[in-house]
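For reference, the structure discussed in these notes is given below.
The values are calculated or read from the model by the stated rules, or taken from the named source; none is laboratory data. Only a predicted model underlies this, so the values are computations on that prediction, with no experimental measurement involved. Cβ coordinates were reconstructed from backbone atoms using ideal geometry, including for glycine residues, and neighbour counts include every protein chain displayed. Ligands, DNA and RNA are stripped out before the accessible areas are found, and what is left, the full protein with its side chains, is counted by its heavy atoms. Shrake-Rupley method; radii C 1.70, N 1.55, O 1.52, S 1.80 Å.
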Amino acid sequence: MSTRKASKGQASITCNNGYLRISLPRILNEGNQKYISLKLKDTPDNRAKAQLKLKIIQRDIDYDEFDNTLARYSSNPSKILAKQEPTIKDLIDGFKEKYFFKKPENRQTLKTFKRHTYALNRFFLNYYNLNLSEQVITQVIQQTDAGSANRCDLINTLSTFCNHFKFKYDFTGLTNGYKPKDRNLPEDEAIECAYKLIQNNKHKTEISIKRAESWGWILMVLATYGLRPHELFAINYDKSFKEPYYEIELNGTKTDGIKTGDRKVYPVPLEWVERYQLYNIKNQVLLENRKEITKFSISLGRRIRDKKNDFKDDEDLAQCLDFQAYDLRHRYAIRGHELGYDVESMSRWMGHSVTIHVSNYHKYLKDDTDRKVFEAALHRSQELERFNNDLPSYEELEAELKLAQEKIKLLEEEIIMLKQLSNYSRLQVYEVQ
């Protein structure tokens, strides 16, 4: 149900050269006076018709539902639409209102919106005064190379833009040929090695030691829970790292929004939580950077690179730090696959759909990943079979129950006998006295 808003002025019926028209409030058109022609001669009957039209228009004004194209109020909508159709510049200027109609406006969504508007203004710069059309969109897309990252980013922006304005354009296949840069995901042994190296510090002061330990804690939390770096700031510590499974809860209100909303995340593998005591919170570095959340990924990347340079004389150690912060999230996804966690659960913990999960991480599966998955499944199957084999049959259970009942009967008879002997002994003592 619509909610009545503050008045935006009153429309009225006026006459021009013997014909009726609706005079619109100037506030609707930035102070300019505009009219809706009714194409009706000024007669009593037509005045009554005009009053009905006026009530419809005033109602839309009052409830903030006024159609600025005027198509809703015209007897010939197509003609007025042709005159009033907004330019591409008008659409870009109105994009923010459309974009945040259903989305919450927070730090993360604003970041995405700014990326979209930057691309729109850049690629539509020479088309501002034109109307949006298939021909214009095609010309804009042709400014980028097929199979390039720029083409993929642009298609994503254009698709979002067109959807919000209900403009149909077939983007099918326009991102074909794009191959993202291969990531060399670190093995778990390298991550554990990196944890030790990233805590290395040249200055042995108490403050520098605590900061170094905090960097190590950050690295292992990212690796164990598959978080995006900015999501570290959304951890609800009151509800996280609790036994027995040490799951964490992310609360976007702590960071003015996170990319894919609040969620619960489980550690993969669980043993890392206890091995590296992640439940002992060491978030000093996060507290120091809480006003620079958007730049934290850069700071973390710099820390990894600096530590790698510190060990450049030892190729094996330097290799342990040859990864980007976001690679830890990718490795979490692959590790979950290797350990046999179902795709639906992993995608939910990581905060995206199953489709996105498969498309994003399938390409990182190595040749031996399927073997690890098979071995994990085989191990679980063997454990289940062993458990089932260890269970006694119904007949065996019935025989054990019968033996137990017989034993209980013998014990009851033994208790009766002992009571009789005890009474006899007391009687003997009494007779002697």
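Points worth noting:
- Long-range neighbours under 6 Å by Cβ, at least six apart or interchain, first residue modelled with pLDDT under 90 within the range 100-123, second not in a loop (DSSP other than H, G, I, E, B): LYS103/THR109
- Test for PHE171: is it assigned to a loop (DSSP other than H, G, I, E, B), open to solvent by 40 Å² or more (accessible area, probe 1.4 Å) and under 27 Å from GLU85 (Cα atoms): no
- Filtering the range 18-42 to residues that are farther than 20 Å from THR69 by Cα, open to solvent by 50 Å² or more (accessible area, probe 1.4 Å) and in a loop (DSSP other than H, G, I, E, B) leaves only ASP42.
- Pairs meeting the criteria (first residue in the range 126-147 and touching a residue at least 40 places away in the same chain (Cβ under 8 Å) and open to solvent by less than 20 Å² (accessible area, probe 1.4 Å), second residue among the aromatic types (Phe, Trp, Tyr) and not in a loop (DSSP other than H, G, I, E, B), beta carbons under 6 Å, at least 6 apart or on different chains) are VAL136/TYR127.
- Pair list, Cβ < 6 Å and 6+ apart or interchain, from the range 179-199 residues that are under 30 Å from SER148 (Cα atoms) to residues that are open to solvent by 30 Å² or more (accessible area, probe 1.4 Å): LEU185/TYR364
- Helices (runs of 4 or more DSSP H) fully within the range 180-289 counting 2 or more residues that are β-branched (Val, Ile, Thr), open to solvent by 10 Å² or more (accessible area, probe 1.4 Å) and over 26 Å from TYR361 (Cα atoms): 206-225
- Residues (open to solvent by 50 Å² or more (accessible area, probe 1.4 Å), under 29 Å from ASP306 (Cα atoms) and more than 17 Å from the chain's Cα centre (by Cα)) located in the range 319-362: GLN319, ASP322, GLN324
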